[in-house]
Ligand SMILES: [Zn+2]
């Protein structure tokens, strides 16, 4: 399926602002419906840096789709496929700039449940709520 218009727009905006001139292909598919009718499906994604390609498997929640898309874009912009300090500094600056309507608590929850390093870097950057989220996760 084609990526939703908001995702195409968001990707174009972030790449343009970052001075990325080479196009990035965006592949989008919907996560399969879960056997449990009311269960939420999570989003996941993958960035292929040399092929300049992002693949998203979209879950139920729109805000999580947005975070996952920006996470993959941050891999492209940072030219870093790892989840270390350098990557997360770029990722957090992108989240805070392009997702002003998603509460920080939610950003910290989504990224923090994926990688502890996300919270370590967020705390180091002074992002509100990151230290307590890190403590709850068990630092
Ligand atoms: Zn990643």
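So here's what we get for this one:
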| item | result |
| --- | --- |
| Selected residue (criterion: surrounded by the fewest Cβ atoms within 10 Å (Cβ to Cβ)) from residues of region 71-92 that are in a helix (DSSP H, G or I), away from the ligand (no atom under 11 Å from the Cβ) and touching a residue at least 24 places away in the same chain (Cβ under 8 Å) | 85 |
| Filter result (in a helix (DSSP H, G or I) and over 15 Å from the mean Cα position of the chain (by Cα)) within region 14-31 | 16, 17 |
| Test: residue in region 40-52 that is touching a residue at least 60 places away in the same chain (Cβ under 8 Å), within 19 Å of residue 4 (Cα to Cα) and buried (at least 19 other Cβ atoms within 10 Å of the Cβ) | no |
| Filter result for the condition that a residue is modelled with pLDDT under 95 and not in a helix (DSSP H, G or I), over 55, 135, 139 | 139 |
| Members of region 98-119 that are in a helix (DSSP H, G or I), away from the ligand (no atom under 15 Å from the Cβ) and free of Cβ contacts under 8 Å to residues at least 60 places away in the same chain | 104, 105, 106, 108, 109 |
| Search result, residues across region 50-69 that are closer than 17 Å to residue 16 by Cα and within 11 Å of the ligand (Cβ to nearest atom) | 54 |
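The values are calculated or read from the model by the stated rules, or taken from the named source; none is laboratory data. The shown structure was predicted, so the numbers you read here are calculated from the model rather than taken from an experiment. Methodologically, a virtual Cβ is constructed for each residue, glycine included, from the backbone with ideal geometry; neighbour enumeration extends over all protein chains shown.
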